[in-house]
Amino acid sequence: MNNLKAISINVVIPFLIALVFASLVYYQSKIPNFLLEISPYIFYILSAIVMVISWHFNRNRFLFVLAPLVFIYVGFELLAPSQATLLYKYVSILYPLHLLVFLLLSERGLFSIWGYLKIAFVLVQIGIVSWFVQTPSSALLSLFKIKFFLFSSFPLSDIGISLGVFIVFVIGALILFHHLIIYNATFLFIVLSFYASIYFIKVPYALELGFIAMVLSVLVLLIREAYRLAFYDELTSLPGRRALIEDMAKLGRKYTLAMCDIDHFKKFNDTYGHDTGDEVLKMVATKLENVSGGGKAYRYGGEEFTLLFPSKEVDESFIHADILRDAIAKAPFMVRNKNKPKKIFINISVGIVQNTSKDKDPFATMKRADNALYKAKEAGRNTVIKA
């Protein structure tokens, strides 16, 4: 299960975006009228900007999320009332499913076989919806009259509400158990914003403001994803070396720094393979991530990690580093040896130092921590050396 703190951080941002735009709908009488009148143009401009950014940074998932949304809005604007009603019925079911599909699909290049298949999938959906809007099917429309609930969900159908509950449940489970919380949390509120927009479609500007909220959610996700790729290690999800350098530049006059290294990692890789080695790195990273005492863990590179304790004395930080070393040493790790499961144990060595007035900068402190790490290796490994 994912860390509660990580879930909270990733949920609160799209929630606040949705809350702000819900407030704008509710208090629209206090908003200058000309701002509401240009909201459709804001939606189109933002959609175009986000789609260009998505394409440029090879985050094509969002092209397939926003292009049908623009199609839906244009349909509501240009179609005759009877046809717009039909479009409403179809997209209230189809588009949330579309969002779930593209949340679950892996990111692929736009101009690849998978990219072409996704384009075809979207075009087929648009073609089918357009066909049934132009030539209504009584058999299909009868599905929207099926009642599941004692209460009225008008203007949404009961089948639409049921589907919405199912999709929210699936995405909620992904938020709890899937590692890409940042995507899952944002898509949850995109789905909720879509349902709210079409439920209150008769409220002036509710549709426009709701759709803008969806586009902004995607834009914020793109920005946060760019930050994550730049500052976080993809394999372990720990902050990477660039994040460490940024944080070291903000350190105060007192701090402790520890360099950690997995013992005999090259031999382990040669024996069990790099895939198993990656799993070891993830396991160690998970333990280090839970460092106490105000510390923060980083992946420095390869099998080497860094612990940073701002405003801490080395004696206090030593205790927390040694607790981590002991927790890793006692955690069994299962590998397959000649197709048979085998329990092994992983050890780490740690060199830990506190900055001094002789250190010109944090990198000088890091160099001393690295020297302490070598001493820990020489002392037999699976130990913490304080310099």
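Structure notes:
- Just one of the numbered conditions (1) within 15 Å of residue 366 (Cα to Cα); (2) in contact (Cβ under 8 Å) with a residue 40 or more places away in the chain is not true of residue 246: (2).
- Qualifying residues in the range 230-267 (those that are in a helix (DSSP H, G or I) and in contact with a helix residue (DSSP H, G or I) (Cβ under 6 Å, 6 or more places away or on another chain)) - the one nearest to residue 354 (Cα to Cα): 248
Okay, residues lined up against (1) within 18 Å of residue 385 (Cα to Cα); (2) more than 32 Å from the chain's Cα centre (by Cα); (3) not in a strand (DSSP E or B):
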residue: 276; (1), (2), (3): no, no, yes
residue: 287; (1), (2), (3): no, no, yes
residue: 300; (1), (2), (3): no, no, no
residue: 306; (1), (2), (3): yes, no, no
residue: 312; (1), (2), (3): yes, no, yes
residue: 343; (1), (2), (3): no, yes, no
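- Boolean, residue 29 is of a type in the set (Ser, Thr, Tyr), modelled with pLDDT under 90 and in a helix (DSSP H, G or I): yes
- Pick from the range 133-164, criterion under 36 Å from the mean Cα position of the chain (by Cα), part of a helix (DSSP H, G or I) and not aliphatic (A, V, I, L, M), ranking: surrounded by the most Cβ atoms within 10 Å (Cβ to Cβ): 160
- Some residue of the range 221-228 being surrounded by 21 or more Cβ atoms within 10 Å (Cβ to Cβ), in a helix (DSSP H, G or I) and touching a helix residue (DSSP H, G or I) at 6+ places or on another chain (Cβ under 8 Å): yes
- Just one residue in the set 290, 269 is in contact with a Gly (Cβ under 6 Å, 6 or more places away or on another chain) and among the polar types (S, T, N, Q); that residue is 269.
- Evaluation of residue 110 against (1) in contact (Cβ under 8 Å) with a residue 40 or more places away in the chain; (2) closer than 24 Å to residue 167 by Cα (one fails), failing number: (2)
- Flag for residue 167 being touching a helix residue (DSSP H, G or I) at 6+ places or on another chain (Cβ under 9 Å), closer than 17 Å to residue 91 by Cβ and assigned to a helix (DSSP H, G or I): yes
- Once the range 276-293 is narrowed to residues that are under 14 Å from residue 323 (Cα atoms) and among the small types (Gly, Ala, Ser), the residue that is surrounded by the fewest Cβ atoms within 10 Å (Cβ to Cβ) is 292.
- Residue ID - modelled with the lowest pLDDT, chosen from residues in the range 32-63 that are crowded, with 20+ Cβ neighbours inside 10 Å and under 17 Å from residue 193 (Cα atoms): 62
- Just one of the numbered conditions (1) within 36 Å of the chain's Cα centre (by Cα); (2) surrounded by 17 or more Cβ atoms within 10 Å (Cβ to Cβ); (3) under 15 Å from residue 261 (Cα atoms) is not true of residue 385: (1).
- Hits in the range 3-31 - residues which are of a type in the set (S, T, N, Q) and either surrounded by fewer than 16 Cβ atoms within 10 Å (Cβ to Cβ) or without any contact (Cβ under 8 Å) to a residue 60 or more places away in the chain (or both): 3, 8, 23, 29
- Of all residues in the range 74-112 being among the polar types (S, T, N, Q) and either part of a loop (DSSP other than H, G, I, E, B) or under 24 Å from the mean Cα position of the chain (by Cα) (or both), the one that is surrounded by the fewest Cβ atoms within 10 Å (Cβ to Cβ): 106
- Matching entry among 297, 329, 321 (being within 20 Å of residue 249 (Cβ to Cβ) and modelled with pLDDT of 90 or more): 297
The values are calculated or read from the model by the stated rules, or taken from the named source; none is laboratory data. Just so it is clear, the structure is predicted and the values come from calculations on it, not from any experiment. Neighbour counts are summed over all protein chains in view; Cβ atoms, including those assigned to glycine, are modelled from backbone coordinates with ideal geometry.
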